[in-house]
Amino acid sequence: MFNPVFAGAERGDVPVRAWAIAVIAICAWLAGCGAPAPTYEERFRPAYHFTPAQNWMNDPNGLIYYDGEYHLYFQYNPRGRRWGHLSWGHAVSDDLVNWRELGVAIPEREVMIFSGSAVMDWRNSAGFSAAGAPAMVALYTGYNPRTDAESQFLSYSLDRGRTWTEYGRNPIIRQPREGAFRDPKVFWHEPTSRWIMTLVHSNERRVAFYASENLRDWREVSTFGPAGLVGGPWETPELFEAPVEGGGSRWVLSVGVTGRAGLTAGSGVQYFVGAFDGERFTADGGARVGEVSWADYGGDFYAPQTWSGIPAEDGRRIWIGWMSNTRYANETPTTPWRGQMTVPRELMLVERNGRLHLAQRPVRELERLRRHEVSLQRQPIAGEAPLAEIAALGGAAEYELAFAPPRSGEVGLVLRYGEVSAVRIGYDAANAHVFVDRSQGGAFDEDDSFRARHYAPAELDGGVVRLHILLDHSSVEVFADDGLRVISDLIFPEGPLSSVALYATGEAAELTSMQAWRIAAMERGAD
Ligand code: FRU
């Protein structure tokens, strides 16, 4: 059976598409014109979220910091704008803000190069280091489309992640039984002096933990699951240690769930907080099927991964996610690229009502892109009041606002684009929810789940709701409750941002403060 990674990517597509591509290529050649070169000024092109110049992108892979560079590898189709021919694309940054895209790092072979991770083998445990250069080691799933097998493969690089050599004795872990088995994420576990890998048996809703002394020979040491959300196949698991606000640390196991069982009727990411003894992960308070903690309440946050190798003196745990949904990712209306990442987010655990919750905040480096600042004074919110100065900041902007909500009705911001599109971001007092409403959002009707309102429960902080909003040309990320609740949503408005207004539908509310910035476009550059 074909591996059902994405709707619309069936095997039967391939010959038809191959024909279509051949015909288009010949016509373009005859007409003397190729596909338009990327300008980064295209409609919907994000200003400060990573996108490849052209073609398809899904999950972040191999995130690693080494020698002054953050690496972002990603699931990439070098041949087109739909899922297929998976290879690892590559971008680097020295500040998590400005990304330089490099060529394909690990191309498709007889296997597609599915998701995986990268580590620095400082101790040369695998024996690949040479001439004083420590090896960067990538571990990933090789998916064989002929046999449908998913096995784990290893490649290494001795030149700062630019070129990769395939290990001669791949696969390093064979598929133990039928069924999807993928997405290795590896880290060094100091207390037991060995490497630990998380993998997923998707259809069994089970994470497998493997251990190794040398990155080449692995044995299973425990499993976790089924637990939490089991209504769809599990993907891209990761176990990482996260700082607890106020001191100490705890372990987090994050797991993607694809299909239609997620909070927004598509894919989503759940997490478990607990302990890890070097062999087994134990969730605090047990892990029951049906009890779900969501990393993000929006439609578009999937397959996140944290950076390995961040220096101890920095000490942050940072992840980035793919800002799309497996449900409609193949159809989103962007060209000549398709797929974007969220901003990098710093992670911590915060105690609330006797439990630890995952909080996410945009990394502070992003503040470098803030330009013109606008501040608003305390003011009542009644009806709809346009904020001309805020709208003038444009469609790539950042807003931090706090308001005292009424007891009923909703209050927030309405962003209007062109004549018909509107996106609402606000607080629904009766349900104590923050929300993003893209039901009138615009130019994307391919999937009936897209036009929707997405909610997250939120607590008041001293009587006020605080929202931190990152707006880009085709996305909104809302951080509420100091990052405890996040809603990430793609938007595809019909026209440019034309107005921003405060609005309240019930009793009058009050804006306590608002600061906003125009956000500059990232610098991209070439190698
Ligand atoms: C998640 C995922 C992974 C897989 C990759 C293939 O989006 O399905 O499980 O490795 O994408 O592109």
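The values are calculated or read from the model by the stated rules, or taken from the named source; none is laboratory data. All of these numbers come straight from a predicted model, not from anything done at the bench. With ideal geometry, Cβ positions are generated from the backbone for all residues, glycine too; neighbour counts draw on all protein chains shown. Areas reflect the complete protein model, heavy atoms only, side chains present, ligands, DNA and RNA absent. Shrake-Rupley method; radii C 1.70, N 1.55, O 1.52, S 1.80 Å.
Taking the Cα centroid of the range 73-130 and of the range 196-213, what is the distance between the two, rounded to the nearest whole Å?
Cα centroid of the range 73-130 versus Cα centroid of the range 196-213: 21 Å apart.
Would you please state which residues of the range 186-221 a label at E178 would reach in this model, taking the label point 7 Å out along Cα→Cβ and a backbone N cut-off of under 19 Å?
Residues 201-206 fall inside that zone.
Which cross-chain or sequence-distant (5 or more) residues have an amide H under 5 Å from the amide H of G321, H modelled 1.01 Å from N in plane?
Excluding prolines and chain starts, which carry no amide H, the hits are T342.
Pull up all non-local amide H partners of L86: gap of 5 or more, or a different chain, and H-to-H distance under 5 Å with H placed in the peptide plane.
I113
Rg(Cα) of the range 325-399 divided by 2.2 N^0.38 Å? Please report the intermediate quantities before stating the final value.
Working: Rg = 18.2 Å, N = 75, 2.2 N^0.38 = 11.3 Å.
So the Cα radius of gyration is 1.60 times the expected 2.2 N^0.38 Å.
Would you work out the relative contact order for the range 358-463, in percent, from Cα pairs under 8 angstrom that are 6 or more residues apart? Display every interim value, and only then the final one.
On the way: 108 pairs, mean separation 16.6, N = 106.
About 16 percent, as a whole number.
With only alpha-carbon atoms counted, please give the Rg and Dmax of the chain, in Å.
Here Rg and the maximum Cα pair distance are 22.8, 71 Å.
Taking R0 as 30 Å, what's the FRET efficiency between A275 and R160 from their Cβ-Cβ distance, rounded to 0.05?
Values: r = 35 Å, r/R0 = 1.18.
Taking R0 as 30 Å, the efficiency between A275 and R160 is 0.25.
Which one of V423, V269, P496 has its Cα pushed farthest toward the positive end of the charge dipole of the chain, where Lys and Arg give +1 and Asp and Glu give -1 at the Cβ?
Final value for the positive-end residue is V269.
What does DSSP give for the chain in terms of the percent of beta bridges that are antiparallel, rounded to the nearest 5?
Values: 157 of 162 bridges.
If I count the DSSP bridges inside the chain, around 95 percent turn out antiparallel.
Apply the Karplus curve 6.51 cos²θ - 1.76 cosθ + 1.60, θ = phi - 60°, to the phi angles in the range 470-486 and return the couplings in whole Hz, x for Gly and Pro.
10, 10, 10, 5, 9, 7, 9, 10, 10, 10, 10, 6, 6, x, 5, 10, 10
For the range 349-454, which whole-number percentage of the solvent-accessible area (1.4 Å probe, protein heavy atoms only) is attributable to carbon and sulfur atoms?
Details: 2070 of 4780 Å².
Taking all protein chains in place, the range 349-454 shows 43 percent carbon and sulfur surface.
With a 10 Å radius around each residue's Cβ, average the other Cβ atoms per peptide and rank 512-520, 391-399, highest first. Could you put the intermediate results ahead of the total?
On the way: 512-520: 18.9, 391-399: 20.7.
Highest mean packing first, the order is 391-399, 512-520.
Rounded if a/c is under 1.5, else prolate if a/b is larger than b/c, else oblate: which is the range 156-207, with a ≥ b ≥ c the root eigenvalues of its Cα gyration tensor? Don't skip to the end; give the middle numbers.
Details: a/c = 2.31, a/b = 1.37, b/c = 1.69.
Oblate, since a/c reaches 1.5 and b/c is not below a/b.
Enter the angle in degrees (range 0 to 90, nearest 10) between the Cα long axis of helix 13-31 and the first principal axis of the Cα atoms of the chain, meaning the one along which they spread out most.
80 degrees
Sort out for me the Cα centre separation of the range 218-269 from the range 493-507, rounded to whole Å.
Taking the Cα centre of each part, the range 218-269 and the range 493-507 sit 36 Å apart.
Can you give the accessible area per residue of the chain, in Å², using a 1.4 Å probe? Each step should come with its number before you reach the end.
Working: 20340 Å² over 527 residues.
Accessible surface, normalised per residue, equals 39 Å².
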